[in-house]
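The values are calculated or read from the model by the stated rules, or taken from the named source; none is laboratory data. The model shown is predicted, which means the values in this text are computed figures rather than measured ones. When we count neighbours, we look across all protein chains shown, and the Cβ atoms used for this are built from the backbone with ideal geometry, even at glycine. Note: accessible area is taken over every heavy atom of the protein model, side chains too, but ligands, DNA and RNA are not part of it. Shrake-Rupley method; radii C 1.70, N 1.55, O 1.52, S 1.80 Å.
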Amino acid sequence: MKYRDLNPSTRTIMTPGPVEAEPRVLRAMAAPILGQFDPEFTTLMNETMEMIRELFRTKNRWAFPVDGTSRAGIEAVLASIVEPGDRVLIPIYGRFGHLLSEIAERYGAEVHNIETSWGTVFQPEAILRAIDRVKPKIVAVVHGETSTGCMQPLKEIGEACRERDILFVVDAVASIGGADVRVDEWKIDAAIGGTQKCLSVPAGMAPITFNSRVEALLLERKKIERGLVDPGSPKSAHARAIRTNYFDLSQLMDYWGPARLNHHTEATSMLYALREGLRIVLEEGLENRIDRHRLHEKALVHGIGAMGLDIYGNPACKLPVVTCIAIPEGIDGESVRAMLLNDFDIEIASSFGPLKGKIWRIGTMGYSCRKKNVLHVLAALEAVLLRHGASLQAGRAVQAALDIYHAQA
Ligand SMILES: *Cc1c(COP(=O)(O)O)cnc(C)c1O
């Protein structure tokens, strides 16, 4: 046979995703296939919905995965609520704000952006001023910006949107399952999570949730599509109809709800994977899980600092699950990454756009977020940097991280 047996290396993955999958999740994926309307399977679907509600800390009726990677979840939400000509305000502080803008634009939104420099987030007042100037129908914000390692506080934005009857959409892909995300308390109308980041499930699904305010809009658009609404309404029926089939949340509601109308074929093995991943999250407990992510972040950050390297970005708004490190002067960042991978089986991430070549990004997410991995990445990074001729405080990084771990014990 020309093609060799599949035999991927067992890497230590310290990127902002995909991260190492939970072994239990991988085992769940090997379980036998069930038919999509088999009562055994629909029970698993319902249980997954219940656990997604807990994950997002919401009482929303609608919480289910969209099949596809995280951006499929983002696209489903935006495609289903954005109507041509709608004003959508998207504050940008990194790469994924641009993704939200691009998707909203493709579905006909009049997108208004405000930008702040990468490495910081917005003061809520800056967003509130933009809201009052733009008067949008929708505000869409990234919670954890994986590209810059920053996290935008959401509560005040959510409250301001609710007071003004604006829909508030949040990309919580990077933060869900690793940092605090409170959909109901922060008055988020629709939120999107990711699997291959802090849930430690392979890429291929996007858990989402949305509330009755979003549901009302979806039902209205669905009625328009079926021609049940007065043709004299201001926008023509045709213009207001939802423009996607695969990502039409009103159809997905009929599939995940009691009607069980056939839409797509649910991704059986991914559903098993997500359900097992969620079970692991809830067994650990959301609070414990957030604390664990903070502990390992702290050990990593102390280690990096003790090595004499600088953390990129404003520490006051640091995303706890991604640590960005300034590449020292005169060091080839890509050569360091290659040696980490080839000699140590460790993967860390590079970066995009204005930060390309300037920072490395180390993820501490989900199953990858553990003591062994943090100590390994620190020891290996130090060794590789010495090999590249960097002048370092050799030997200090692992000791600094151990100080944090031993203080805990
Ligand atoms: C990873 C990520 C995405 C995109 O996820 P895919 O699964 O690659 O589609 C979107 N938003 C944020 C904040 C992310 O970190």
Would a scan of the range 355-365 turn up a residue that is closer than 24 Å to residue 20 by Cα and open to solvent by 40 Å² or more (accessible area, probe 1.4 Å)? no
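Output the residues belonging to the range 100-125 that are among the small types (Gly, Ala, Ser) and over 12 Å from residue 90 (Cα atoms). Quick ask: steps written out before the conclusion?
Of the residues in the range 100-125, the ones among the small types (Gly, Ala, Ser) are 101, 104, 108-109, 117, 119.
If the condition is that a residue be among the small types (Gly, Ala, Ser) and over 12 Å from residue 90 (Cα atoms), then 108, 117, 119 are the ones that fit.
Counting only residues that are touching a residue at least 40 places away in the same chain (Cβ under 8 Å) and open to solvent by 40 Å² or more (accessible area, probe 1.4 Å), how many does the range 198-219 have? Explain how you work it out, then say what you get.
So in the range 198-219, the residues touching a residue at least 40 places away in the same chain (Cβ under 8 Å) come out as 198-215, 217-218.
Filter once more, so that each one left must be open to solvent by 40 Å² or more (accessible area, probe 1.4 Å): 203, 212-213.
Looking only at that region, the number is 3.
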Consider only pairs whose beta carbons are under 7 Å apart and that are at least six residues apart or on different chains; among these, list those whose first residue lies in the range 17-37 and is within 16 Å of residue 197 (Cα to Cα) and hydrophobic (A, V, I, L, M, F, W, C) and whose second residue is modelled with pLDDT under 95 and assigned to a loop (DSSP other than H, G, I, E, B). none
Name every residue in the range 188-202 that is touching a Gly at 6+ places or on another chain (Cβ under 7 Å), farther than 17 Å from residue 282 by Cβ and more than 10 Å from the ligand (Cβ to nearest atom), in order of residue number. 188
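Name the single residue that is most open to solvent (accessible area, probe 1.4 Å) among those in the range 380-409 being assigned to a loop (DSSP other than H, G, I, E, B) and within 22 Å of residue 341 (Cα to Cα). Write out each step before concluding.
Going through the range 380-409, the residues assigned to a loop (DSSP other than H, G, I, E, B) turn out to be 388-395, 409.
The next check asks that each one be within 22 Å of residue 341 (Cα to Cα); those that pass are 388-392, 394-395.
Details: 388: 52, 389: 64, 390: 17, 391: 115, 392: 35, 394: 64, 395: 41 Å².
Selected residue: 391.
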Test set (1) part of a loop (DSSP other than H, G, I, E, B); (2) touching a residue at least 24 places away in the same chain (Cβ under 8 Å) - residue 156 fails condition number: (1)
Determine if the range 250-266 includes at least one residue that is touching a residue at least 40 places away in the same chain (Cβ under 8 Å), open to solvent by 50 Å² or more (accessible area, probe 1.4 Å) and of a type in the set (Asp, Glu). no
From the list 182, 129, pick out the single residue that is surrounded by fewer than 24 Cβ atoms within 10 Å (Cβ to Cβ), under 15 Å from the mean Cα position of the chain (by Cα) and not in a strand (DSSP E or B). 182
Sort out which residues of the range 252-279 are over 25 Å from residue 218 (Cβ atoms) and of a type outside the set (D, E, K, R), and write them in order of number. 268, 269, 272, 273, 277
Return yes or no: is residue 337 within 25 Å of the chain's Cα centre (by Cα), under 15 Å from residue 384 (Cβ atoms), open to solvent by 20 Å² or more (accessible area, probe 1.4 Å) and among the basic types (Lys, Arg)? yes
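If you go through the range 295-315 one residue at a time, do you hit one that is in the same structural domain as residue 144 (by TED's automatic domain parsing) and touching a strand residue (DSSP E or B) at 6+ places or on another chain (Cβ under 7 Å)?
If we filter the range 295-315 for residues that are in the same structural domain as residue 144 (by TED's automatic domain parsing), which is where we start, we get none.
No, the range 295-315 contains no residue that is in the same structural domain as residue 144 (by TED's automatic domain parsing) and touching a strand residue (DSSP E or B) at 6+ places or on another chain (Cβ under 7 Å).
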Options 96, 168; residue that is more than 25 Å from residue 212 (Cα to Cα) and either within 15 Å of the ligand (Cβ to nearest atom) or without any contact (Cβ under 8 Å) to a residue 40 or more places away in the chain (or both): 96
Residue match in the range 100-108 (condition: open to solvent by 30 Å² or more (accessible area, probe 1.4 Å), touching a Phe, Trp or Tyr at 6+ places or on another chain (Cβ under 8 Å), assigned to a helix (DSSP H, G or I) and within 13 Å of the ligand (Cβ to nearest atom)): no
